[in-house]
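Engineer: Quick one: structure below, then a few questions.
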Amino acid sequence: MKRLILAVSMLGIVGCATQKAAVIAEPTESPKSPAAKPAPALVAAAVDQKQVDLDALLKGLVIRFGFDAADLTPDSRTRLDALADALRANPKAQIRIAGNCDELGTVEYNLALGQKRADAVGRYLVTLGVAGTRVDTVSYGEEKPLDPRSTEDAYAANRRAELSPKQAN
């Protein structure tokens, strides 16, 4: 306290000087004092909230693709950014990405395209810091359509990658 008063009075005396004096506050806490630890119940509640956030993000998360494409749209990237944050906060969580296609093209071509779509999503999550070992990809090609009709709207709905929690073996 005496140092602070002395420093303040020195500022008044040397106020006209060309150099300004710096006031350095002393730490209020000893560096040897232990850091406060959160209560176990609060930690458990935070972990539960993170899991709820991840579950909410994964529920019905579908990434859409254009015709004959496996490129992520800016909207898809934004949604995957939020998912990557939740996955980093839940280091034990694992996900499955299922690539799907419309019925146009051969079965073999659509299986390959579905895999490209799933891999594109998985690679993007890995670039955001999610370990690749936590991401499984699979292609269903045209075998699991959301909309079985043969219309442009149905084709668009079926060009997708679906994300879900990976089920334990």
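Rundown of residues vs (1) closer than 15 Å to N158 by Cβ; (2) surrounded by 15 or more Cβ atoms within 10 Å (Cβ to Cβ); (3) modelled with pLDDT of 95 or more; (4) within 17 Å of the chain's Cα centre (by Cα), yes/no style:
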residue: I63; (1), (2), (3), (4): yes, yes, yes, yes
residue: D71; (1), (2), (3), (4): no, no, yes, no
residue: A84; (1), (2), (3), (4): no, yes, yes, yes
residue: Q115; (1), (2), (3), (4): no, yes, yes, no
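Engineer: Follow-up. Would you check if there is a residue in segment 27-47 being surrounded by 10 or more Cβ atoms within 10 Å (Cβ to Cβ), within 25 Å of the chain's Cα centre (by Cα) and at pLDDT 60 or above?
Structural biologist: No, segment 27-47 has no match at all.
Engineer: Right, next: Report, by residue number, each residue of segment 129-147 that is part of a helix (DSSP H, G or I) and either of a type outside the set (S, T, Y) or closer than 13 Å to D68 by Cα (or both).
Structural biologist: Hits for segment 129-147 are G132, R134.
Engineer: What are the residues in segment 81-117 that are more than 20 Å from Q167 (Cα to Cα), outside any loop (DSSP other than H, G, I, E, B) and not acidic (D, E), if any? It would help to see each step written out before you state the result.
Structural biologist: First, the residues of segment 81-117 that are more than 20 Å from Q167 (Cα to Cα): 81-82, 85, 101-114, 116-117.
This time we only want the ones that are outside any loop (DSSP other than H, G, I, E, B), so: 81-82, 85, 107-114, 116-117.
If the condition is that a residue be more than 20 Å from Q167 (Cα to Cα), outside any loop (DSSP other than H, G, I, E, B) and not acidic (D, E), then A82, V107, Y109, N110, L111, A112, L113, G114, K116, R117 are the ones that fit.
Engineer: Going by the structure shown, is R149 within 21 Å of Y109 (Cα to Cα) and of a type in the set (K, R)?
Structural biologist: Yes; evaluated as a whole, the condition is true for this residue.
Engineer: Among V52, V126, which is the only one that is out of contact with any Asp or Glu (no Cβ under 7 Å at 6 or more places or on another chain), in a helix (DSSP H, G or I) and modelled with pLDDT under 95?
Structural biologist: Only one candidate qualifies: V52.
Engineer: Here's something else I'd like to know. Kindly provide the set of residues from segment 135-151 that are surrounded by 14 or more Cβ atoms within 10 Å (Cβ to Cβ), charged (D, E, K, R) and in contact with a helix residue (DSSP H, G or I) (Cβ under 7 Å, 6 or more places away or on another chain), ordered by number.
Structural biologist: Of everything in segment 135-151, just one residue is surrounded by 14 or more Cβ atoms within 10 Å (Cβ to Cβ), charged (D, E, K, R) and in contact with a helix residue (DSSP H, G or I) (Cβ under 7 Å, 6 or more places away or on another chain), namely E142.
Engineer: Test of understanding: among A154, A120, which residue is in a helix (DSSP H, G or I), surrounded by 14 or more Cβ atoms within 10 Å (Cβ to Cβ) and in contact with a strand residue (DSSP E or B) (Cβ under 9 Å, 6 or more places away or on another chain)?
Structural biologist: Result: A120 is the single residue among A154, A120 that is in a helix (DSSP H, G or I), surrounded by 14 or more Cβ atoms within 10 Å (Cβ to Cβ) and in contact with a strand residue (DSSP E or B) (Cβ under 9 Å, 6 or more places away or on another chain).
The values are calculated or read from the model by the stated rules, or taken from the named source; none is laboratory data. Keep in mind that what you see is a predicted model, and the values were worked out from it rather than measured. Methodologically, a virtual Cβ is constructed for each residue, glycine included, from the backbone with ideal geometry; neighbour enumeration extends over all protein chains shown.
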